[in-house]
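As structure tokens, the structure follows; a few thoughts come after it.
The values are calculated or read from the model by the stated rules, or taken from the named source; none is laboratory data. Keep in mind that this is a model prediction, so the values were computed, not measured. Methodologically, a virtual Cβ is constructed for each residue, glycine included, from the backbone with ideal geometry; neighbour enumeration extends over all protein chains shown.
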Amino acid sequence: MAHTALRWRTTAIAITAAAGLTTLGVAAPGASAATATPRIDLRVLVVDNGDSPVAAITAQLRSEGIPYTTVDLNDSGRPAVTAAFLGDTVNGTPRARFQGVVLPNEAPFGAGSAEQTALETYEKTYGIPQVDAYTWAHPEVGLDYGAYSGTLDGKTATVTTAGRSAAFGYLDGTVAFEDNSPSVQESYGYVATPRTGFTSYVDVPVLGGTGTGSLLGEYAHDGRRELVLTFAYNQYQQQFRVLARGIVEWLTQGVHLGQARNYFAVHVDDVFAPDARWDTARNCTPGDIDCAGGDGQDTTTPIRMTAADAQYAAQWQQQHGFTLDMVFNAGSGEEWKSENGGKDSLTDQLLADKAKYRWVNHTYTHLFLGCVQDTSTVPWSCARNADGSTKYVSAADISAQIRDNYDWAVQKGLPVDRTELVTGEHSGLKTLPQQPDDNPNLASALASNGVKWTGSDNSREPDQRSVGSGTLTVPRYPMNVYYNVGTKPEMADEYNWIYTSKADGGSGICENNATSTCLSAPLDTASGYDATIVPQEAHTDLGHVLANDPRPHYAHQSNLAEDRILYPVMDRVLADYQAIFADNTPVVNLRESAIGAELQNRAKWQAALDAGKVTAYRIGKTVTISAPSGTQIPVTAPEGTKQQQLLGTSTFGTAYAGERQAWTAPGALQSAVTLKLP
């Protein structure tokens, strides 16, 4: 969606921005623009033909918070790309309206056409880079005709020395092309030898031939610069997500609004509590309200971590430099203790290691905090008052669950944050189909306990939203590692039940669910978890990490017990990540409140962009940004950038992927923020 034109607002930020751009191989704007130093707006022009490569780059721009304007080639009423559309004069200063251009190919308007000529003249005049989202290998883009064309599935490309010196220095060296199905061609491309003026940034061996050829590189010619991509992709494919950051940094010359990081957080729910176990004979979880048969008796042994499991968790964290969020139910632990002779070595061990984890309130006994559940039928329904209205858990009961758990944590010295909460089963929030609205008593209970952030289920509610006036949700990704299993065979058995057709002995749920695909055959329960479920779940989770998505993932304490089945998934995610990225691009591991604030800042920033209330431009060595007062502004700038304070300077932002990034705003007694490049 195209953003509206930029306008001046009350908060201003100035950044010197032309110096240092040569680290990305980018020239300063052409001196031929005019005798006056031109103004270049920090906005990207996207010329869209409806194909997936342009859509992928557009999605990356929006994800980072970079302003862009779209020209839809399929819209007969679109504006013509003319000199007047691309630039004008503001207060006597010539203005380039776009700092970079994304095209579906090298000449979407037709070589020699009026629009193509206007665009090329604009790029030469102001030094504006152009991305060719996908094209074939031929001399007009600086390449010999392709030495190979065909599938790239399962191939490994290499980031060249030139690529790492330019915009792709955050990568460790290789880029793997996905091959998720041997029966489906997932990525097609052209591999070709560069000609004069072409510098390859990503190479791949010539299939069926000798040597290597380019898949991505820069073509400098006729006073213009193009980033040429000769492979097809979409926004969800891992190879694009890995390269997307570099494409954007090349396009924006290393200075732009918005920012991107690779986030991974894992919440471990139900800590201190036991979890019910999947019954492989009855294909349900005894004790759950939807498990029929067996006269309502739970004949399975509940799953609960031991002290040894807790010791392993602490060791694993230290070995991987990664912190787990322990989402705890103290009351359930106290009940376990009283039922087991007053001793609990698990709690003792976790408390001894309390400083090694982050702790999140999960309510005292995991009480369902929505409507009062009527379990006389399967599935359950909401109980009704005498007047027919829905009967809800009271504000007093909700508040007690939150307060008692927090007070226990304070008494035990846990480093808990009062503002963070995850209710049991995300209850209290609307639960479809039975409870279409939030418990009306929830918001007041959250407010009275100082809760600003409460977890929600991303599979139900992917967007952050308000609960009352003072609390925002933090959507969490449910991991495909089930709460009611402690061993690998149990996990594979339940997975088979869900994802196998009735003809193959499964539930058939997958046959009636548009979002699911049935397994071709049931998994081997002895090997299916490691061979199939782990790589699939790790691939899904890594996809979230690579998508600039801060939302946390969640599993359960049962998954750290017995076979400790969560660790293989986390090990795979972290190992695959480390194989892709350089040391300057670590996984960002945030706690719930920081994730909530990141999502909140993004929503406010996007709203300001969509309303046309952000202005950003560069004149020579200074970039000026304005936004509504109180809006945090995301900025990415080169390493070594300094921020001008009222007195003296300070280092701008934090280092990430070879750059500096920050949510920023003017300091005290300042109407603008000035950042100076080295």
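If I filter region 594-610 for residues that are out of contact with any strand residue (DSSP E or B) (no Cβ under 7 Å at 6 or more places or on another chain), more than 29 Å from residue 490 (Cβ to Cβ), at pLDDT 95 or above and among the polar types (S, T, N, Q), do I get at least one hit? Yes, some residue in region 594-610 is out of contact with any strand residue (DSSP E or B) (no Cβ under 7 Å at 6 or more places or on another chain), more than 29 Å from residue 490 (Cβ to Cβ), at pLDDT 95 or above and among the polar types (S, T, N, Q). Per the conditions (1) more than 27 Å from residue 303 (Cβ to Cβ); (2) under 29 Å from the mean Cα position of the chain (by Cα); (3) in a helix (DSSP H, G or I); (4) not β-branched (Val, Ile, Thr), the sole criterion not satisfied by residue 469 is (3).
Among the residues of region 345-373, just one is crowded, with 19+ Cβ neighbours inside 10 Å and among the charged types (D, E, K, R), namely 358. Taken as a whole, the structure leaves residue 547 outside the set of residues that are in the same structural domain as residue 417 (by TED's automatic domain parsing), within 30 Å of residue 243 (Cα to Cα) and free of Cβ contacts under 8 Å to residues at least 24 places away in the same chain. Pick from 378, 360: which is part of a strand (DSSP E or B) and either closer than 18 Å to residue 430 by Cα or touching a residue at least 60 places away in the same chain (Cβ under 8 Å) (or both)? The conditions single out 360. Considering only residues in region 267-312 that are acidic (Asp, Glu) and in a loop (DSSP other than H, G, I, E, B), the one that is modelled with the highest pLDDT turns out to be 290.
Taking strands (runs of 3 or more DSSP E) as the structural unit, those lying wholly within region 121-184 and holding at least 1 residues that are buried (at least 21 other Cβ atoms within 10 Å of the Cβ) correspond to 130-132, 156-159, 174-176. Regarding region 388-395, can at least one residue be identified that is without any contact (Cβ under 8 Å) to a residue 12 or more places away in the chain and farther than 21 Å from residue 351 by Cβ? Looking for residues that are without any contact (Cβ under 8 Å) to a residue 12 or more places away in the chain and farther than 21 Å from residue 351 by Cβ, one finds at least one in region 388-395, hence yes. Residue-level check: of (1) surrounded by 15 or more Cβ atoms within 10 Å (Cβ to Cβ); (2) modelled with pLDDT under 95; (3) in a helix (DSSP H, G or I), residue 511 misses just (1). Residues that are outside the structural domain of residue 97 (by TED's automatic domain parsing) and within 18 Å of residue 61 (Cβ to Cβ): does region 637-653 have at least one? Taking every residue of region 637-653 in turn, at least one turns out to be outside the structural domain of residue 97 (by TED's automatic domain parsing) and within 18 Å of residue 61 (Cβ to Cβ).
Selection of region 204-218 for residues being under 31 Å from the mean Cα position of the chain (by Cα) and under 19 Å from residue 140 (Cα atoms) yields 214, 215, 216, 217, 218.
Given the criteria crowded, with 23+ Cβ neighbours inside 10 Å and not small (Gly, Ala, Ser), does residue 227 qualify? So residue 227 does not fit the description; no. Regarding region 401-414, can at least one residue be identified that is more than 20 Å from residue 271 (Cβ to Cβ) and either of a type in the set (Gly, Ala, Ser) or at pLDDT 95 or above (or both)? The answer is no; no qualifying residue exists. Taking region 101-118 as the search range and keeping residues that are of a type in the set (A, V, I, L, M) and not in a helix (DSSP H, G or I), which one is surrounded by the most Cβ atoms within 10 Å (Cβ to Cβ)? It comes out as 102. State yes or no: is residue 195 among the basic types (Lys, Arg) and touching a residue at least 60 places away in the same chain (Cβ under 8 Å)? Against the criterion (among the basic types (Lys, Arg) and touching a residue at least 60 places away in the same chain (Cβ under 8 Å)), residue 195 does not qualify. The selection criterion, being among the basic types (Lys, Arg), surrounded by 15 or more Cβ atoms within 10 Å (Cβ to Cβ) and over 24 Å from the mean Cα position of the chain (by Cα), holds for residue 430. The strands (runs of 3 or more DSSP E) found wholly in region 558-654 and carrying at least 3 residues that are in contact (Cβ under 8 Å) with a residue 40 or more places away in the chain and surrounded by 18 or more Cβ atoms within 10 Å (Cβ to Cβ) occupy 615-619, 622-627, 633-638.
Return the residues of region 397-415 that are under 31 Å from the mean Cα position of the chain (by Cα) and without any contact (Cβ under 8 Å) to a residue 60 or more places away in the chain; say none if nothing qualifies. 402, 406 - these are the residues of region 397-415 that are under 31 Å from the mean Cα position of the chain (by Cα) and without any contact (Cβ under 8 Å) to a residue 60 or more places away in the chain.
Just a yes or no: is a residue in region 433-452 closer than 25 Å to residue 555 by Cα, in a helix (DSSP H, G or I), assigned by TED's automatic domain parsing to the domain that holds residue 287 and of a type in the set (Lys, Arg)? Checking region 433-452: not a single residue is closer than 25 Å to residue 555 by Cα, in a helix (DSSP H, G or I), assigned by TED's automatic domain parsing to the domain that holds residue 287 and of a type in the set (Lys, Arg). Look at residue 255 and say whether it is touching a His at 6+ places or on another chain (Cβ under 9 Å) and of a type outside the set (Phe, Trp, Tyr). In short, no.
Within the option set 251, 207, 243, 227, being within 18 Å of residue 188 (Cβ to Cβ) and touching a residue at least 60 places away in the same chain (Cβ under 8 Å) holds for one residue only, 243.
Looking at region 539-591 only, could you name the residues that are among the small types (Gly, Ala, Ser) and over 21 Å from residue 487 (Cβ atoms)? Those that are among the small types (Gly, Ala, Ser) and over 21 Å from residue 487 (Cβ atoms): 543, 547, 575, 579, 582. Scoring residue 98 on the criteria (1) in contact with a strand residue (DSSP E or B) (Cβ under 9 Å, 6 or more places away or on another chain); (2) without any contact (Cβ under 8 Å) to a residue 40 or more places away in the chain; (3) part of a loop (DSSP other than H, G, I, E, B) leaves a single failure, condition (2).
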